[in-house]
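Taking it in order: structure first as structure tokens, then the write-up.
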Amino acid sequence: MRLMAWGGGGGGAGRPRPPPPRYKLTPHAPIRRETRAKMSKNLVIVESPAKAKTIKKYLGKDYEVMASYGHVRDLVPKDGAVDPARGFEMKYQLIEKNEKHVRAIANELKHSDTLILATDPDREGEAIAWHLSEYLKEKGLLKDKPVQRVVFYEITPREVAQAIANPRQVSSDLVNAQQARRALDYLVGFNLSPLLWRKVSPGLSAGRVQSPALRLICEREEEIRAFKPQEYWTLDARSEKEGQSFTARLLEYNGAKVEQFTLGDAGSAEAAHAAIEQAAGGKLLVAKVEKKQRRRTPGPPFTTSTLQQDANRKLGFTASRTMRTAQQLYEGVEIEGQAVGLITYMRTDSVSLAQDALAELREVIGKRYGAKALPDEPRYYKAKSKNAQEAHEAVRPTSAARAPEQVARYLAPDQAKLYDLIWKRTVACQMSAAVFDTVAAELRAGSQHAFKATGQTLVEPGFLAAYGIAVDDETEAREDDEKRLPPLVEGEQVNLLELLPEQHFTQPPPRYTEASLVKTLEEYDIGRPSTYASIISTLLAREYVLLDGKAFIPTDVGMIVNRFLTEHFTRYVDYEFTAKLEDELDAISRGEEEWVPLLARFWSAFKPTVDSKMELSRSEVSEARQIGTDPVSGKPVSARLGRFGPFVQIGTKEDPDKPRFASLRQNQRIDTITLAQALELFKLPRRVGQLPTGEDVDVNIGRFGPYARYGDQFVSLKKDDDPYTVELPRVIELIEGKRAALEAATIRLFEGTGIRIVKGRFGPYITDGKRKARIPRTRDPASLSVFECEAYLTEAEAAKPGRKKGGARKAAAKKTAEAAEPAAAPKKAAVKKAAAKKAAAKKAPAKRTGKG
């Protein structure tokens, strides 16, 4: 599908005035209403109602501001939404949840003269503007009406006024890039995901950027599992001069430089201890003293990526929590009755700051921290990313004069924490370097052994003052920046108090946190800062990874999916290929490449690869891990992934006897479970005793979790109940609790039948202890007879998948016919309900529902 060749546009700090649009623009009202008595009405569209509320206050009565509530159209959720045979034509439909908002915009447009599209200043925002204008054009609502595109990177009266005064056209280049991105995501997801459903497990998904991110996490886990710790020792000397003790690290031993594994075990550490102690004789000679000044410069202002990293490290925020909170600060917060946008647009890869922002920052720094904290010239930073859009700005406060302590009382806790982080980073980036005095001293024990002591003292805090660190500060922060030594003079001796040998082991590489994963994705040029939060959310939602504290741990499903993709779709989870594709998408957004040829190149290689993998068997994809042999039966024990999760198995399908299966426990892994642990799982079902009524009680784990069975009844175990150790008294307690809850919720009990009407979480229902049936909303539960209840139960049983509906329905009809006359009405209602269910079932496959 080819787009109109509309003119591209940009914006941001220091952006040039855009060329005049092709359309003849109806002059719209300036912001100051008193200059004209009568004006045409302008309809302004933004993405969120909060943003609309803020901007409406800035514009006045001749502007109506409405929200699209995010995206307005998306690809139809079925095969053929992107058609390679027709030049990658894309079929769109309105997003159901936003349909009413789009229609409201369409109705308002009928009474407006000009449509101003003011969605966010990025690819997503440009796509929303285009989709909305295309939909309105299809509805014939844009005839003779100018359509303008405006962008603002901060929501302040000045910026909004400047944007309204300098409209442009929707950028076809940005829209093409977004369409190409969406088409690629669809082609990968719609072809790989069903393959995963068939070959691995239902409900799984694969994504163009999500899959390389999963690969990073899984490869790190494999490194950790393969890691073999290695022992090494360090030897420190605790010395003293004039009552002040200090520590020095062994630098030279037996005339050679000390490396990490010079002292590789306790024996070598003890030998070094004895040799040095004898050579020193209780004293160390100060052989050399070096004094220097070290300058520590501030980091650049935040980009989206570095904001997510810092918020994760310092505040414990997830990427999605950071972006959600930043969006609120950007869109506007009520301060003394006025909506104020507190930060600039938060999706950016630029580290530039506008000239007026720099001027205000320097003024604030001079007043707040003094002249010494202010460098002679403003600091200018350059982005590391080759695709950074330098016309945009970094994430910064819209006014540095709004200090965190002044606005905190107007903000929610998360907002206050994030604003404080952004404000400090922005102010600090324009301050002087921190200055430290450093000292390094070489202390010798005889001619063959030497130690090195280092210390530093903060002389000028510079930018550290923005973080609350001063020269005389006694806070915890100072301990990181200061380590004082006593005055040392070359040639003098200091007292050796003791030698301190310490054992260490090398550590495996750390698991990824959100901060380190985002940093690595950025280093590999995988994805874009605006997509990192959704990538991480998808991996968690699909249960490909779990969070242990802040660290990502891949699940068995995640490891198997990654293994399948890396073995069979190597190119498409390759870091370099993914980064190159991102570069090409960026080139499209700059107007340097066409989007359809890119899709054609991708599809011509991708489709044959997918087709060639259709014949793979499930066992080839989810290969079982052989654990050992069952000592009782002599049969092999293996672990694998099944439709309902990981499990262990005794025997094979080729055996005359059916294999036995047991699900893995939550903390167990296919790759690491031992034979002893696997055999322990086969102790279920476990008999724990008998009820006073004589019914046996067995404990087991089912598809929906652990449970206890007594007679033909069941009760679920709670989260803290271990099915392998729970005892009869606890099960009786759970049974009694279930009975009490049922009695409390019972609306009516039909004595002698076991049928009762119960108040449920989602409305009243009928049950006889085995079957359940919903009650139509048109019926009063208290008015139902026992015959009607039986008819509903029979009908519900007939509607279950796999039942022979004809016979069950005849039974239901017979039961109803035997009932009293009033029972005829429920029969019709029940049949209607079954028909509705049948109709819904026919539609269901088109939705392709799955996990998450």
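Scanning the stretch 638-661 for residues that are outside any loop (DSSP other than H, G, I, E, B), open to solvent by 40 Å² or more (accessible area, probe 1.4 Å) and over 17 Å from I701 (Cα atoms) gives a single hit, R640.
Quick check on the stretch 407-429. Is at least one of its residues part of a strand (DSSP E or B), modelled with pLDDT of 95 or more and surrounded by 15 or more Cβ atoms within 10 Å (Cβ to Cβ)?
Taking the stretch 407-429 and keeping what is part of a strand (DSSP E or B), we get none.
There is no residue in the stretch 407-429 that is part of a strand (DSSP E or B), modelled with pLDDT of 95 or more and surrounded by 15 or more Cβ atoms within 10 Å (Cβ to Cβ).
The set of residues in the stretch 537-576 being of a type in the set (A, V, I, L, M), outside any strand (DSSP E or B) and either farther than 23 Å from M614 by Cα or free of Cβ contacts under 8 Å to residues at least 24 places away in the same chain (or both) consists of L539, L540, A541. Only residues that are part of a loop (DSSP other than H, G, I, E, B) and crowded, with 23+ Cβ neighbours inside 10 Å were counted across the stretch 155-170, and they come to 3. Total residues in the stretch 698-752 satisfying the condition of being of a type in the set (S, T, Y) and open to solvent by 70 Å² or more (accessible area, probe 1.4 Å): the figure is 2. Taking the criterion of being in a helix (DSSP H, G or I) and either among the basic types (K, R) or in contact with a Pro (Cβ under 8 Å, 6 or more places away or on another chain) (or both), the only residue of the stretch 778-787 that qualifies is P781. The combined condition, being open to solvent by less than 90 Å² (accessible area, probe 1.4 Å) and under 26 Å from V699 (Cβ atoms), is fulfilled by R771. Applying a threshold of 7 Å to beta carbon distances and a minimum spacing of six or more residues, or different chains, the list of pairs starting in the stretch 466-492 at a residue that is closer than 27 Å to R402 by Cα and ending at one that is at pLDDT 90 or above and open to solvent by less than 40 Å² (accessible area, probe 1.4 Å) reads A466/V427; A466/A428; A466/M431; Y467/A428; I469/P461; A470/P461; V471/L458; V471/P461.
Could you tell me whether T693 is out of contact with any helix residue (DSSP H, G or I) (no Cβ under 9 Å at 6 or more places or on another chain), surrounded by 12 or more Cβ atoms within 10 Å (Cβ to Cβ) and among the hydroxyl-bearing types (S, T, Y)? The answer is no for T693.
Residues in the stretch 138-151 that are outside any loop (DSSP other than H, G, I, E, B) and buried (at least 20 other Cβ atoms within 10 Å of the Cβ): V147, Q148, R149. Contact annotation: residue pairs with Cβ atoms under 7 Å, 6 or more positions apart or on different chains, pairing a residue in the stretch 359-373 that is within 14 Å of G462 (Cβ to Cβ) and open to solvent by less than 60 Å² (accessible area, probe 1.4 Å) with a partner that is of a type in the set (G, A, S) and not in a helix (DSSP H, G or I), are A373/S432.
When E790 is tested against (1) in a helix (DSSP H, G or I); (2) farther than 25 Å from F682 by Cα; (3) under 44 Å from the mean Cα position of the chain (by Cα), just one condition goes unmet, and that condition is (3).
Scanning the stretch 181-203 for residues that are more than 14 Å from L581 (Cβ to Cβ) and part of a helix (DSSP H, G or I) yields Y186, G189, F190, N191, L192, S193, P194, L195, L196, W197, R198, K199. Each residue in the stretch 598-639 was checked for being touching a Pro at 6+ places or on another chain (Cβ under 7 Å) and not polar (S, T, N, Q), and 2 of them qualify.
In the stretch 288-309, the qualifying residues are those that are in a loop (DSSP other than H, G, I, E, B) and hydroxyl-bearing (S, T, Y), and the one that is surrounded by the fewest Cβ atoms within 10 Å (Cβ to Cβ) is T297. Residues of the stretch 763-777 that are in a loop (DSSP other than H, G, I, E, B) and farther than 13 Å from E795 by Cβ: D768, G769, K770, R777. For the stretch 75-85, give me each residue that is in contact (Cβ under 8 Å) with a residue 40 or more places away in the chain and of a type outside the set (G, A, S). Residues satisfying the conditions are L75, P77, K78, D79, V82, P84. Would you pick out the residues in the stretch 421-464 that are free of Cβ contacts under 8 Å to residues at least 60 places away in the same chain and among the basic types (K, R)? Hit for the stretch 421-464 is K424, nothing else. Filtered by the rule that a residue be assigned to a loop (DSSP other than H, G, I, E, B) and touching an Asp or Glu at 6+ places or on another chain (Cβ under 9 Å), the stretch 628-637 gives S633, K635. Would it be correct to say that E393 is of a type outside the set (A, V, I, L, M), without any contact (Cβ under 8 Å) to a residue 60 or more places away in the chain and either touching a strand residue (DSSP E or B) at 6+ places or on another chain (Cβ under 6 Å) or not in a strand (DSSP E or B) (or both)? It is false that E393 is of a type outside the set (A, V, I, L, M), without any contact (Cβ under 8 Å) to a residue 60 or more places away in the chain and either touching a strand residue (DSSP E or B) at 6+ places or on another chain (Cβ under 6 Å) or not in a strand (DSSP E or B) (or both). For L195, state whether it is over 26 Å from R528 (Cα atoms), hydrophobic (A, V, I, L, M, F, W, C) and touching a Lys or Arg at 6+ places or on another chain (Cβ under 7 Å). The answer is yes for L195.
Return yes when Y135 is open to solvent by 10 Å² or more (accessible area, probe 1.4 Å), part of a loop (DSSP other than H, G, I, E, B), in contact with a helix residue (DSSP H, G or I) (Cβ under 8 Å, 6 or more places away or on another chain) and among the aromatic types (F, W, Y) and no when it is not. Criteria not met by Y135. Filter the stretch 192-218 down to the residues that are at pLDDT 90 or above and closer than 13 Å to M559 by Cα, then identify the one that is surrounded by the most Cβ atoms within 10 Å (Cβ to Cβ). Step by step, filter the stretch 192-218, then rank; the result is A213.
Condition check for V435 on (1) open to solvent by 10 Å² or more (accessible area, probe 1.4 Å); (2) out of contact with any Lys or Arg (no Cβ under 8 Å at 6 or more places or on another chain): one failure, at (2).
When you look at T26, is it of a type in the set (V, I, T), at pLDDT below 90, open to solvent by 40 Å² or more (accessible area, probe 1.4 Å) and in contact with an Asp or Glu (Cβ under 8 Å, 6 or more places away or on another chain), yes or no? Considered against the rule, which asks whether it is of a type in the set (V, I, T), at pLDDT below 90, open to solvent by 40 Å² or more (accessible area, probe 1.4 Å) and in contact with an Asp or Glu (Cβ under 8 Å, 6 or more places away or on another chain), T26 comes out as yes.
Scanning the stretch 613-627 turns up no residue that is in a loop (DSSP other than H, G, I, E, B), in contact with a Gly (Cβ under 8 Å, 6 or more places away or on another chain) and at pLDDT 85 or above. Residue count for the stretch 310-337 satisfying the condition of being among the β-branched types (V, I, T), touching a Phe, Trp or Tyr at 6+ places or on another chain (Cβ under 7 Å) and surrounded by 16 or more Cβ atoms within 10 Å (Cβ to Cβ): 1.
Do we find that P554 is touching a Ser or Thr at 6+ places or on another chain (Cβ under 9 Å), at pLDDT 85 or above and closer than 25 Å to F704 by Cβ in this structure? Show your work before the answer.
On the way: touching a Ser or Thr at 6+ places or on another chain (Cβ under 9 Å): no; at pLDDT 85 or above: yes; closer than 25 Å to F704 by Cβ: yes.
It is false that P554 is touching a Ser or Thr at 6+ places or on another chain (Cβ under 9 Å), at pLDDT 85 or above and closer than 25 Å to F704 by Cβ.
The values are calculated or read from the model by the stated rules, or taken from the named source; none is laboratory data. Quantities reported herein were computed from a predicted structural model and do not represent experimental measurements. Every residue, glycine as well, gets a Cβ built from its backbone with ideal geometry; the counts of neighbours run over all protein chains shown. To get the accessible areas, we keep the full protein, side chains included, count just its heavy atoms, and leave off ligands, DNA and RNA. Shrake-Rupley method; radii C 1.70, N 1.55, O 1.52, S 1.80 Å.
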